[in-house]
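Okay, structure first, notes after.
Throughout, read-outs are computed from the coordinates displayed, never taken from laboratory work. On a predicted model such as this, the values are computed, not experimentally measured, just so you know. Backbone-built Cβ (ideal geometry, glycine too); neighbour counts: all protein chains shown.
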Amino acid sequence: MFDHVEIRVSDRAESERFYGLVLSTLGIEQTHSGEDLAEWDDFGLASTEEGKPVSRRLHVGFVAPSRAAVDEFWRVGTGNGFRDDGAPGPRPEYGGDYYGSFLLDPDGNSAEAVHHGSLRTGGVIDHVWMRVADVAESKRFYEAVAPHAGFRLNRDLPERAQFTNGNGSFSLVLGVPSEHVHMAFPAAANAQVDEFHRALVAAGYRDNGPPGERPIYHPGYYGAFVLDPGANNIELVNHNR
């Protein structure tokens, strides 16, 4: 579903400490820490810089291998002084066997440990929720992205729209909008990236970086960027490896 999701943080050291502590309880170990960013597989964080302010009001659900791991995520987080956003327990409104716990990261984003019977495989992020000012408008944008990124509209409600490819999901939820989020979806070919950018810009959405190789990330990294209606940075990327 996701190639990667990245947030900008106000205090790199404190945010890295938070995610390092709580994700380790889920068996999710840090895969990179450098001047540019810190990563845990397909989730990353970086310091703010000019034109890239702090990410706000994002919800990320991380894959937990068991209910006991969900409990430990919350216990370790709250025990180290981080803010509770929902104690461990069943959440039947999300699914019959859905079990989660919730914390707030240092910038107030919601981090969840979740265990259920259809967890995403192949990454550490099970799902993402972004709050939006206008669900219908944002839904139209992601419906335009969908054929290029290989996902589909799964649920369509007045206050929530959910997209999935059958392995993970992201939802658009009515509320005070999430801000300054970067979400990237995988592509199998450079031409797919080109067509994503061409189609979205032709539909009137804002270009945030034309198709091309970005060797700053690694040789062969080929991506294109478009802003969604909330000015979040949406990317399609082919790693060519």
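Placing unit charges on each Cβ (+1 for Lys and Arg, -1 for Asp and Glu) gives the range 69-228 a dipole about its Cα centre, and among 218, 103, 199 the Cα reaching farthest toward its positive end belongs to 199. Expressed as a whole percent, the proportion of Cα-Cα pairs in the range 23-140 lying more than 22 Å apart is 38%. When the alpha carbon gyration tensor of the range 139-199 is reduced to an equivalent ellipsoid, its three semi-axes come out at 22, 14, 11 angstrom, largest first. Each Cα pair under 8 Å and six or more residues apart adds its separation to the average, and for the chain the resulting relative contact order is 19 percent.
Of the residues 184, 163, 10, the one whose Cα sits farthest toward the positive end of the charge dipole of the chain, with +1 on the Cβ of Lys and Arg and -1 on the Cβ of Asp and Glu, is 163. Over the chain, dividing the summed -39,500 (n - 2.57) contributions of all DSSP H runs of at least 4 residues by the number of residues returns a 222 nm mean residue ellipticity of -7000 deg cm²/dmol. Once C-alpha pairs closer than 8 Å and six or more residues apart are averaged by separation and normalised to the residue number of the range 140-237, the relative contact order reads 25 percent.
Within the chain, DSSP assigns beta bridges of which about 70% are antiparallel (rounded to the nearest 5). Taking only the C-alpha atoms of the range 63-204, the Rg (one decimal) and the largest Cα-Cα distance, Dmax (whole number), read 16.7, 50 Å. For a quick check, take a GNM of the chain with Cα springs below 10 Å and name the residue from 108, 204, 100 with the largest mean-square fluctuation. Highest fluctuation among the options: 204. Enter the angle in degrees (range 0 to 90, nearest 10) between the Cα long axis of helix 135-149 and the first principal axis of the Cα atoms of the chain, meaning the one along which they spread out most. Approximately 70 degrees, to the nearest ten. Place a point 7 Å from Cα of residue 176 in the direction of its Cβ. Which residues in the range 83-108 have their backbone N less than 12 Å from it? Inside the label zone: 108. Each Cα pair under 8 Å and six or more residues apart adds its sequence gap; the mean of these over the residue count of the range 41-103 is a relative contact order of 26 percent.
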